[in-house]
Every structure is written in C-alpha cells, then in structure tokens.
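Report on the following structure.
A short reminder: the numbers here are calculations on the coordinates, not readings from a lab. It should be emphasised that the depicted structure is a prediction, and the values quoted were computed from it without experimental measurement. We place every Cβ from the backbone using ideal geometry, glycine too, and count neighbours over all the protein chains shown.
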Amino acid sequence: MPPWMTLLDHRISAWMAKYCQILMRISLALIFIWFGLLKPLGISPEEELIKRTVYFFPPDIVLNILGCWEVAIGIGLLYRPLLRLALLLLLVELPGTFLPLIILPEICFHSIPFGLSLEGQYIVKNLFLIAAAFTIGSKVSSDPMRRNNE
C-alpha cells in the first residue's frame, strides 16, 4: 500500500476510535427514544405484536411502561452519569423482545427456523442492539485512563 494510503488509513482509524463510542451511544439513544415515544402515543408499528405477546397484562399499561422504559434507556445513554443504569435497563428489556419468536412463531416465521417474516427480522435485529450495548459497556469504567480514550 502506498504511504499516503497507509497514512489515510491510520487517520481514519484514529478518528473512528475517538468517536465511535459517542456515535454509537447517540444512535442507540435515538432508536430507544424514538421507538419508545411511539408506544404511548399509540403509533408504534409493533403495538399489535406486543399486545399479542404480553396478552396477560392490560395492553395500554404494557405499552406505556415499555415506552417509558425505552425513553429512559435513551436518555440514560445520552447522559453519562446514567450510562450504567441505561445499559442495565437495556439488557433487562432486550431478552423480552425475543418472546414473540417463541410465543408467536406463526407471525415471526414464514418457514421455521430460518425464514423470518418482517416481524421476525425486526426482532432478530435486536441482536445488534445487544452487541452495541456490550460494546458501549466495555468502555464504561471508572479508570480515568480508559475514559480518556473515549
């Protein structure tokens, strides 16, 4: 590789290393705030799926609690002192998002086990959110040397 490409590669990598954590926190926060706000407003595309999955609780209460929970996660991801709490809330909530795969396989799959419906794909993408949370969590430390690298 020519020296200028190596230099460019190092600069791009350094920029990514410097800003990737904050960009991931902001994007994850926006996802949780946005999707969370849709639930109590009654305009969430996953409303029916949630109602059918958590059928043993009043749907309005579930949607309001879940929406507030997700907005709290988003706010916590944006405000560093609440980051650990936000990650805990996120990791408590996300396993529950996989329940429809078990409870409602007829909605989540068109061909079990790999033929995911649009709803199933929407659920499985949460694996990425979990990985993003782990990546963010890997940098949450009281060690000042590690915090300076964020």
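Some points to look at:
- With the Kirkwood sum run over all distinct C-alpha pairs, the stretch 23-148 has a hydrodynamic radius of 15.4 Å.
- Exposure proxy ranking, count of Cβ atoms within 10 Å, fewest first, for E46, E70: E46, E70
- Extension gain, E47 to D9, is 9.2 nm, computed as 0.36 nm per intervening residue step minus the present C-alpha separation.
- Longest segment of the chain lacking chymotrypsin sites (Phe, Trp or Tyr not before Pro) that sit in a DSSP loop with at most 16 other Cβ atoms within 10 Å: 1-54
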